[in-house]
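Presented below is the structure to which this report refers.
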Ligand SMILES: [Zn+2]
């Protein structure tokens, strides 16, 4: 099985490299904004819908202007602007696709300095000892010491700045042995508000509430930032403190989600989750923060690729499946169940059970072949449809399954 995954490491650049990294990020941002402006102008001047201006044509045009107008671009790798224009093109494609399908995808926005600074490089990228060789930038030390980094072909490296630290995310094509199907049991997983996940075998995963617990601190930090005078040194310091806090929260969240999805995909033959209607849930503002905090989208994506890597099967129960409203013992369906009811009381058979556990039991029952499954048609196999989608989007290599691995997994 050919897979594509990303490995993320923190860099330890020296001062010269730091300058060069910033320069690259600056050129990438410039190219992105330049390309965006060009597309908007073309549109305003009625030079047609710009759906067909591709990244390559824009890059050619930018190159022709480079010598006279932007000579400073020669100090960086040509990949930085090229890849930025590709990103821009993708952003437009997503936008148009969103318009077509009725999803709300924002119009591409101009990038600001210091906000999500990043750039992508292709070409000669390789690991040498504890260093990574990047085009134009040279050999940059990696903070984390490892015996070997991985075996595979490197496709690209994305470098990002977060809270004044530099990270590299290396995308690799690897040949993974086809996994033999896992022999473990099926498991139903209820993603909850109070608890991150409740499994049908009784295991629960606590919510890190990374954002929740640190929200007060975050609030204090952002308030302190807003009080600082614009352009002052103190404002810069406050900004960095806030960014550090965000990074911490991001890391905790990432770690929890990866641990949970790896555990599920590695130890169960079938993982059944609910297809949460996230946009509907986002309307409920109190829930919205928790959902965003838990990162449900990320979690589901991780499950999708990890199940394929490790030989497990992912089943997604449809939105109409009444996992929380149904009694897991007798099948009675409640008409109403408010979110505040933490326990499920069945009026039919008298079962009293934890709400999330009840939902997890209903989900696992969905996949058991011996149960008479009234909701059969409400459940669909995700893995097949996923493969088809992927095959359609990557014409040359239909078997590629992309994903990422954080350092902790
Ligand atoms: Zn019952």
TODO: Could you pull out the residue among 119, 30 that is assigned to a helix (DSSP H, G or I) and crowded, with 18+ Cβ neighbours inside 10 Å?
DONE: 30
- [ ] Select, from 162, 146, 136, 153, the only residue that is over 30 Å from residue 356 (Cβ atoms) and surrounded by 17 or more Cβ atoms within 10 Å (Cβ to Cβ).
- [x] 162
TODO: Take the residues in the range 333-357 that are part of a loop (DSSP other than H, G, I, E, B) and touching a residue at least 60 places away in the same chain (Cβ under 8 Å), then tell me which one is nearest to the ligand (Cβ to nearest atom).
DONE: 342
Open item on the list: Taking the condition of being modelled with pLDDT of 90 or more and away from the ligand (no atom under 16 Å from the Cβ), how many residues in the range 317-332 meet it?
Closed with: 0
TODO: Test residue 41 against the stated conditions and say whether it is over 27 Å from the mean Cα position of the chain (by Cα), under 21 Å from residue 85 (Cβ atoms) and either touching a residue at least 40 places away in the same chain (Cβ under 8 Å) or assigned to a helix (DSSP H, G or I) (or both).
DONE: yes
TODO: Taking residue 57 as the residue in question, decide whether it is surrounded by 19 or more Cβ atoms within 10 Å (Cβ to Cβ) and either touching a strand residue (DSSP E or B) at 6+ places or on another chain (Cβ under 9 Å) or assigned to a helix (DSSP H, G or I) (or both).
DONE: no
- [ ] Grab the strands (runs of 3 or more DSSP E) fully contained in the range 163-256, keeping just those with 1 or more residues being within 27 Å of residue 119 (Cα to Cα).
- [x] 165-175
TODO: Tell me which residues, restricted to the range 358-371, are away from the ligand (no atom under 16 Å from the Cβ) and modelled with pLDDT under 65.
DONE: 368, 369, 370
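The values are calculated or read from the model by the stated rules, or taken from the named source; none is laboratory data. Not measured: the values here are computed from a predicted model. Because the Cβ atoms are built from the backbone with ideal geometry, glycine has one as well, and the counts that use them run over all protein chains shown.
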